[in-house]
Amino acid sequence: MKSYQLFSSHLKKRFGGRVHKISVDAGFGCPNRNGGRSGAGCLFCDSGGSGAVGIERQLSVAAQIEQGKEVMTRKYKAGKFMAYFQPFSNTLAPVNVLRALYDEALDVKDVVGLAIGTRPDCVPAEVLDLLAEYHEKTYLWLELGLQSSHDRTLDWLKRGHDFATFVEAVQGAKSRGLRICVHVILGLPGESRADILKTMDALAELQVEGVKLHLLHVLQDTPLGDLYVEGEISVMGMEEYVALVVDCMEHLPPETLIHRLTGDGPRAQLLAPLWSLKKWEVLNAIDAEFARRGSRQGDFCRCLT
């Protein structure tokens, strides 16, 4: 039994079997790119908008899902799926366009839910109202990219929004009963362990339902990659990262679902850290660190005091 609340285990219990997420690129853009709010986009983001490797953007949403189903069924004998609208900002369109795309995904056989990835500055009231409709008729997660609760870090990353904007988005989503998964990057330059744990404490206070912990990946052809090559930034070692992941989960509420514990940087683009390519070694080390400490998720959560 895990020492933390694994999202995949939650899905298995809810749906009576494994549910596999299929990443979909629906052709959205981002308000933070091409001369947008911060100029040229976030420092870490590549030309694919942090999407999964192998997505064929030229295909329709339904065709992408069918292609993903074929792969998942062959490799894992999968039978149920969630459509994950992943790259860029998947709420950045008029409501009628969003509705058509989300419906197209749900119309594919054996798709049991949606995960909508976006930015906290891309969820106006009319979009949240639309998502609330889908929440009533399917299994829905709103995934918000935060990365850090510290405005100085968000400014350095050129995120184009502040923490207050994120809080407003969470409050608007929660008032409509939506499930929220928050993305956070560990290992950002200038952030200490205490800074990162303050972000975890903030998420605990906001009572978000899920968290994705991402390792800072340095990719080629990104501003962050340029800084790394020039020796301006460094990345965490594996032992430091593993210890920090466990620290973070100890500070999150015990019921928070953990959607991710490390990242999958594209091998061909990854500059650092190369140890992240050994994903199962990292995950096993996290389990071992929990065992060494004798701790569990939520042990140091302020929500329990």
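The values are calculated or read from the model by the stated rules, or taken from the named source; none is laboratory data. Because the structure is predicted, anything quoted here is derived from the model rather than measured. Every residue, glycine among them, receives a Cβ derived from its backbone with ideal geometry; neighbour counts consider all protein chains shown.
Is it true that VAL235 is touching a Phe, Trp or Tyr at 6+ places or on another chain (Cβ under 9 Å) and either touching a residue at least 40 places away in the same chain (Cβ under 8 Å) or polar (S, T, N, Q) (or both)?
It is true that VAL235 is touching a Phe, Trp or Tyr at 6+ places or on another chain (Cβ under 9 Å) and either touching a residue at least 40 places away in the same chain (Cβ under 8 Å) or polar (S, T, N, Q) (or both).
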Starting from region 185-211, keep only residues that are in a loop (DSSP other than H, G, I, E, B), then list their pairs with residues that are of a type in the set (Lys, Arg) whose Cβ atoms are within a distance under 7 Å, requiring at least 6 positions of separation or different chains.
-> GLU209/ARG179
Just checking, how many residues over region 77-108 are under 13 Å from ILE22 (Cα atoms) and either assigned to a loop (DSSP other than H, G, I, E, B) or at pLDDT below 95 (or both)?
-> 5
Quick one: is VAL127 in a helix (DSSP H, G or I), surrounded by fewer than 16 Cβ atoms within 10 Å (Cβ to Cβ) and among the β-branched types (Val, Ile, Thr)?
-> no
Going through region 234-275 in order, the residues found to be more than 26 Å from ASP299 (Cβ to Cβ) and among the hydroxyl-bearing types (Ser, Thr, Tyr) are SER234
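So that you can scan it fast, the table gives a plain yes or no per residue for (1) under 16 Å from ALA204 (Cβ atoms); (2) of a type in the set (Phe, Trp, Tyr); (3) in contact (Cβ under 8 Å) with a residue 12 or more places away in the chain; (4) part of a loop (DSSP other than H, G, I, E, B):
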position	(1), (2), (3), (4)
GLY231	no, no, no, yes
TYR241	no, yes, yes, no
VAL245	yes, no, yes, no
ILE258	yes, no, yes, no
TRP280	no, yes, no, no
ASP287	no, no, yes, no
GLN297	yes, no, yes, yes
PHE300	yes, yes, yes, yes
Considering only residues of region 143-166 that are under 18 Å from the mean Cα position of the chain (by Cα) and aromatic (Phe, Trp, Tyr), which is farthest from LYS212 (Cα to Cα)?
-> PHE163
Just one of GLY177, GLY160 is at pLDDT below 95 and farther than 17 Å from ARG260 by Cα; which is it?
-> GLY160
